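Since every read-out is calculated from the coordinates, none of them should be taken as a lab result. Note that this is a predicted model, so its numbers are computed, not measured. Positions of Cβ are generated from backbone atoms using ideal geometry, with glycine treated the same way; all protein chains shown enter the neighbour counts.
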Amino acid sequence: MRLLHTKDILIGIDDSNGVYYPIKKDTQEYGLTAAELENELKNQQIVSSQTTISLKANGISMNPLINEGDLLELAYCSVDQLKPGDVFSYISNGEIITHRIILKIRKEKITKILEKGDNGMFSVIYAPQTLGKIVKIENDHLLDLGSYTGILLSRFIAVYTLMVFSIYYLIFYFPLFLLELCRNKFNRRVATHVFNTKNKYFKLKRILAQSIYPLIFLVVNLTKSMHYARK
């Protein structure tokens, strides 16, 4: 995703090397790294809970809900305000990523988020990476994710995705992980590394992601058609 602006402060992103440019602040222009951008956005003098940021979609990981070139309205919020099902943005390796929250896990004062692009793979991120949630999607039409329709759609996708993920975990992941654990003399760290790097296991994860997508594609397009028809 390309960050365009936050209120009267202009921000850009260079996708090739993760440097954000330019920022105009008191007529001075300078570049920011992802970490510095995060600090700027979370500085109370610039961002409050009412602040919104405009994003331009770049990629297909959230198809069909978000398509290439769609304009997104990101509302800054803390991780505590984010809920499963919310479409949110976070910083990872110098890029701003917009995906969906599937599950929040809090353990020993550390919050982890299981997230997934509707048309992508699962991954886990940490609370400090989050920027806020997407509240509106604009192309030829406007979809308000805070409306009854938007909330219902978001919750359904999260519940359905988590259900399929849980079935996959019990039937495939857990037995195969136990097998690797036995092969590696119950060394959990080694078994986890092998499981996460072996190509055949990666293919299983891709199959899982692909099996979830068709119903999401159908439901999202049906919901969008009904929502736009009422406008």
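Things worth noting here:
- Taking the fewest neighbouring Cβ atoms within 10 Å as the starting point, the ordered list for HIS227, HIS99 is HIS227, HIS99.
- Computed E for ASP144/GLU95 - FRET, C-beta separation, R0 30 angstrom, nearest 0.05: 0.70
- Beyond 21 Å in Cα-Cα separation lie the following of the pairs LYS56/LYS83; LYS107/LYS185; LYS104/LYS185; LYS56/LYS224; LYS56/LYS116: LYS56/LYS83; LYS107/LYS185; LYS104/LYS185.
- Centre separation in Å (Cα based) which lies between the range 79-98 and the range 140-174: 15 Å
- Taking ASP140, ASP70, ASP86 and counting other C-beta atoms within 10 Å, the order from fewest to most: ASP140, ASP70, ASP86
- Contour excess over end-to-end distance, with Cα ends at LEU204 and ILE171 and 0.36 nm allotted per residue: 10.7 nm
- Between GLN81 and ASN184, the modelled label-to-label distance comes to 4.0 nm, taking each label 7 Å out from Cα in the direction of the beta carbon.
- Summing +1 for each Lys or Arg and -1 for each Asp or Glu among the other residues whose beta-carbon sits under 9 angstrom from that of SER123 gives 0.
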